[in-house]
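Q: Dropping the structure in here first, questions after.
What follows is calculated from the coordinates using simple rules that are stated; it is not laboratory data. A quick note: this is a predicted structure, and the numbers were derived from the prediction, not measured. Don't worry about glycine lacking a Cβ; one is built from the backbone with ideal geometry, like all the others, and counts go over all protein chains shown.
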Amino acid sequence: MNFNGTCISSTTDEHGPIYVYQTRSCRILSFDGKIQQSRMKLNDINGLAHGYTQAMMSGLFFIPAVKTATIMGLGAGSMAKNLLSSFSKLNVHAIEYREAVAKTAKKYFHLPESDRLTIHIDDAMSYMKHSSIKSDIIFSDLYNTDGMEPKQVQSSYLRDCKNALNQQGILVLNIWHTALNSREELDELLALEFEDRLLSFEVESGNTIVLAFKNNIPSIRRKELLARGKWLQQKMNIPAERYAKLLWSTQQYKF
């Protein structure tokens, strides 16, 4: 066990174990007792403790009036909680394959009962293929004990996500620990499915965040992008200005 904490819950479903650890400052969800799946700070239960989840919110720079968000992979509910607490009129749909994970999120990670949160217990690929819900933004963060879910980089899944977006919608992908050949294949698939309407940047953890736009990338100037970063930073209590500057410095030629 790589966490300096105490295991306060250990359950098993047909897919394997689910552990909850607690340290002096945080609570951790893990599926193998070694890798953190989610982390919640005890003094900030609605915050985003992982830098890559904070970076994924950069998609909201381009959707200032977000109304509907879909999260592929609930985990401990960190993104759902942060979105719900930051945007009072936002409706969130969260898709989680394992019902036991959703129950753990509610019991140990303060995931609220809310009429603005709908949890779908379903396979992400099946849900996306059959869903009639249109979202302004889709966050795809699908991982298991072996790493990134391979189906997350399949053309059929990417196409279904694109179809489930509103006209100005954005798919946000978290890419982590992907073999070089798989990464090159993903880049090609994304360029094909989204007609190269893509922005991407790497964060300190080594994760690559990809923003895939259903239609054209909005034209935006540096001053406006940084202003949106400042707005989102205050709204969500995350270092969004940093990601706005990073996007501009690495991707400005695409705006």
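Q: Mind checking the dipole of the chain: about its Cα centre, +1 per Lys or Arg Cβ, -1 per Asp or Glu Cβ, Debye to the nearest 20?
A: Charge dipole of the chain: 1180 debye, to the nearest 20.
Q: Right, here's the next one. Give, in whole angstrom and from largest to smallest, the semi-axes √(5λ) of the equivalent ellipsoid of segment 51-254, with λ running over the eigenvalues of the Cα gyration tensor.
A: 24, 21, 16
Q: Quick one: order F87, F62 by neighbouring beta-carbon count within 10 Å, fewest to most.
A: Fewest-to-most ranking of F87, F62: F87, F62.
Q: Something else about it: Local charge sum around I45 (other residues, Cβ-Cβ under 10 Å, Lys/Arg +1, Asp/Glu -1)?
A: Here the count lands on +2.
Q: If you don't mind, another one. How large is ³J(HN,Hα) for each residue in segment 5-15, as worked out from phi by the Karplus curve 6.51 cos²θ - 1.76 cosθ + 1.60 (θ = phi - 60°), to whole Hz, x for Gly and Pro?
A: Ordered by residue, 3J(HN,Hα) equals x, 10, 6, 9, 7, 9, 10, 9, 10, 5, 9 Hz.
Q: Hey, another quick one. When a footprinting reagent is the concern and you count Cβ atoms within 10 Å, what order do E204, E241 take, fewest first?
A: Fewest-to-most Cβ neighbours within 10 Å comes out as E204, E241.
Q: Once R0 is set to 25 Å, what does the formula 1/(1 + (r/R0)^6) return for the Cβ-Cβ distance between E185 and A227, expressed as a FRET efficiency to the nearest 0.05?
A: For E185 and A227, the calculated efficiency is 0.10.
Q: Could you work out the relative contact order of segment 51-254? I mean the mean sequence separation of Cα pairs under 8 Å and 6+ apart, divided by the number of residues, in percent.
A: Dividing the mean separation by the residue count of segment 51-254 yields 22 percent.
Q: Okay, moving on. Mind telling me which of L199, L42, L158 comes out most flexible in a GNM of the chain, alpha-carbon contacts under 10 Å?
A: Ranking L199, L42, L158 by mean-square fluctuation puts L42 first.
Q: Which value, in Å to one decimal place, does the Kirkwood hydrodynamic radius take for segment 35-157 when every pair of different Cα atoms is included?
A: Here the Kirkwood hydrodynamic radius works out to 14.8 Å.
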